[in-house]
There are 2 protein chains.
Amino acid sequence: MPTQTFLNLDKEKRNRIIDAAINLFAERTYEQTMISDIIKIAKIPRGSFYQYFEDKDDLYFYIFDIVKLKKMEYMKNTLTNYENISFINLVRKLYNEGVKFATDHPKYIKIIDNLLRNKNYIYDKLIKNNISIAENIYVDLIKKDMEKGLIRKDIDAITFARIIVQLTSNIAVEELDLDNLELSYNKMIDKNSKILDIIEYGVSERIN
Amino acid sequence: MPTQTFLNLDKEKRNRIIDAAINLFAERTYEQTMISDIIKIAKIPRGSFYQYFEDKDDLYFYIFDIVKLKKMEYMKNTLTNYENISFINLVRKLYNEGVKFATDHPKYIKIIDNLLRNKNYIYDKLIKNNISIAENIYVDLIKKDMEKGLIRKDIDAITFARIIVQLTSNIAVEELDLDNLELSYNKMIDKNSKILDIIEYGVSERIN
DNA sequence: TAATAACATGACAGGCTTGTCATATGAGGT
DNA sequence: ACCTCATATGACAAGCCTGTCATGTTATTA
């Protein structure tokens, strides 16, 4: 948590620091990003930084919170209202919302991507837990769809949930090209749809 | 490449260094592993290390080569002789051979895992290229199976290949428990089989 | 045995980072 | 004008790591 001093800062200065951090964490991993770089770009003295944040972790968590909140804005609706939709279509929707978020806020998605690519203690703190929560929710939804006959009952729900987590958390970002966001958007949407088509067919009730 | 001096070393000393490196690279990532740790465990002076290897990269590449060669031993047969087998069954076979390798040489698979989890420049050098080679081979095989009617023709071959790469390179290791290798083995084989069942059905020709 | 080549050794310089602290500056209230 | 509290500042200590090098030590060969 940033200090009160940081929160009291005038907006311009605060944003200078936040922007510098976002730009750097988007370019490099957590370890590769040095406080020295951040203060150089944000044009604040070293001493000030430590008056605003306890340490690098403190800053990173603060920035990641901003990213997370923004991503939630895109998914909130879907996540609070998924009763009347099949699991696969829920995943489709979330995926597409994620893609929209990614192209609207490429730097934010780069930050997330850097975190996912680097499974250190920060990853453990910020992601690991959430993934297992997601997995559990997915398993429940999959089981419901099994009852409804949308998914074969001989599928292993946990395995299926993990396939989804695995595929959704990684593949999309590879296509993100900062210089051509519109093309990236279309590519990602297309790819997601193709992946989920295969999966959907793979788990659907066999027609005998 | 290690120096001639290193290769001239008596076996005991050479193995002490190799073992120390393997143990450390299995426990920690490349960046987290310090030369100081290696020489402490191998019980050689700092100066000697630099008489054997140019730097940390040099040692790492050497160790990784050992790992790669060992893994190849397990897959060689399948990889040189995959004409009369469907793509999905090839993947099944390779996957199961990978699992055998993993349980026979848990430290080696940990080294690979640490590399896959940390996408830095070492990853780029050692893995990235191979993945795209694998992808290309997969695409060819997928297309052949499409001709044979084993895989639906409306599947996007590249997408399918990537799904396979993605799933096979990541999921298995999560189950590896060094304290119970037999159980791990069974779990991994089981999981792989379940994943590939879903995928196989997902891409197979629809029966109308 | 003497000379030469191969190998061993650890102190040390150099580079980079983080976090601290004593001091300076400014803003608001009385 | 003065005092006080909040904020600003950058030099610096301390830590850590890498790679080098001058100097021993051992092996080999003539």
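Using a simple spin-label model with pseudo-atoms 7 Å out from Cα toward Cβ, B:Asp37 and B:Glu73 lie 2.6 nm apart.
Among residues of chain B, the one whose beta-carbon sits closest to the B-to-A rotation axis is listed with its distance in Å as B:Gly202, 1.
Full extension of the segment from B:Lys100 to B:Asp58, taken as 0.36 nm per residue of separation minus the current Cα-Cα distance, would add 12.3 nm.
Please tell me which of these pairs span more than 27 angstrom C-alpha to C-alpha: A:Lys107/B:Lys187; A:Lys70/A:Lys187; A:Lys187/B:Lys148; B:Lys128/B:Lys191; A:Lys128/B:Lys187? Flagged as over cut-off: A:Lys107/B:Lys187; A:Lys187/B:Lys148. Take each residue of peptide B:150-160, count the partner chain Cβ atoms within 10 Å of its Cβ, and average: the result is 3. Charge dipole of the stretch B:90-142 (Cα centre as origin; +1 on each Lys and Arg Cβ, -1 on each Asp and Glu Cβ, all else neutral): 200 debye, rounded to the nearest 20. To the nearest ten degrees, helix A:87-104 and the longest principal axis of the Cα atoms of chain A are 30 degrees apart.
Mind checking the dipole of the protein assembly as shown: about its Cα centre, +1 per Lys or Arg Cβ, -1 per Asp or Glu Cβ, Debye to the nearest 20? Let's see the in-between values first.
Numbers: 64 positive and 64 negative charges, 64 e Å.
The dipole of the protein assembly as shown has a size of about 300 debye.
Footprinting exposure proxy ranking of B:Met146, B:Met188, fewest other C-beta atoms within 10 angstrom first, gives B:Met146, B:Met188. Taking only the Cα atoms of the protein assembly as shown, the radius of gyration and Dmax are 23.9, 72 Å. Distances from A:Ile137 to itself in the other copies, using label points 7 Å out along the Cα-Cβ axis, amount to 3.9 nm in increasing order.
Simple rule: put +1 on each Lys or Arg Cβ and -1 on each Asp or Glu Cβ in chain A, find the dipole, and look at A:Ile63, A:Leu115, A:Gly202; the Cα lying farthest toward the positive end is A:Ile63. The other copies place their A:Tyr50 label points at 3.1 nm from this one, listed shortest first, where each point is 7 Å from Cα along Cα→Cβ.
Each distinct pair of alpha carbons in chain A adds a 1/r term; the inverse of their mean, the Kirkwood radius, is 18.9 Å. Between 0 and 90 degrees, the angle of helix A:106-117 with respect to the longest Cα principal axis of chain A falls at about 70 degrees.
FRET efficiency for the pair B:Ile158 and B:Asp179, taken as 1/(1 + (r/R0)^6) with r the Cβ-Cβ distance and R0 = 30 Å, rounds to 0.15. Take A:Leu7, move 7 Å from Cα toward the beta carbon, and the resulting point lies 6.5 nm from the same point in each other copy, nearest first.
How large is the charge dipole for chain B, taken about the Cα centre, if only the Cβ atoms of Lys, Arg (+1) and Asp, Glu (-1) carry charge, to the nearest 20 debye?
Rounded to the nearest 20 debye, it is 200 debye.
When only alpha carbons are used to place a centre, the stretch A:1-30 and the stretch B:14-57 end up 39 Å from one another.
Label-point separation (nm) for B:Asp10 and B:Ile127, each offset 7 Å from Cα along Cα-to-Cβ? Between B:Asp10 and B:Ile127, the simple spin-label model gives 3.9 nm. Under Stokes-Einstein, with the Kirkwood radius over Cα pairs as Rh, the value for the stretch A:1-102 at 20 °C and 1.002 mPa s is 139 µm²/s. Taking 15 Å as the straight-line reach from the Cα of B:Lys40, the aspartates and glutamates in range (excluding those fewer than 8 positions away in the same chain) are B:Asp19.
For the residues of A:186-197, the average number of beta carbons from a partner chain within 10 Å of their own beta carbon is 3.
Would you kindly state how much longer the chain becomes between B:Asn136 and B:Ile66 on full extension, computed as 0.36 nm times their sequence separation minus their alpha carbon distance, in nm to one decimal? Mind dumping the intermediate values first?
Values: separation 70, 0.36 × 70 = 25.20 nm, distance 2.52 nm.
Extra length available between B:Asn136 and B:Ile66 comes to 22.7 nm.
Coordinate-derived values only; no laboratory data. This structure is a prediction, so every number in the text was calculated from the model and none was measured. As a convention, Cβ positions derive from the backbone with ideal geometry for all residues, glycine included, and neighbour counts pool all protein chains shown.
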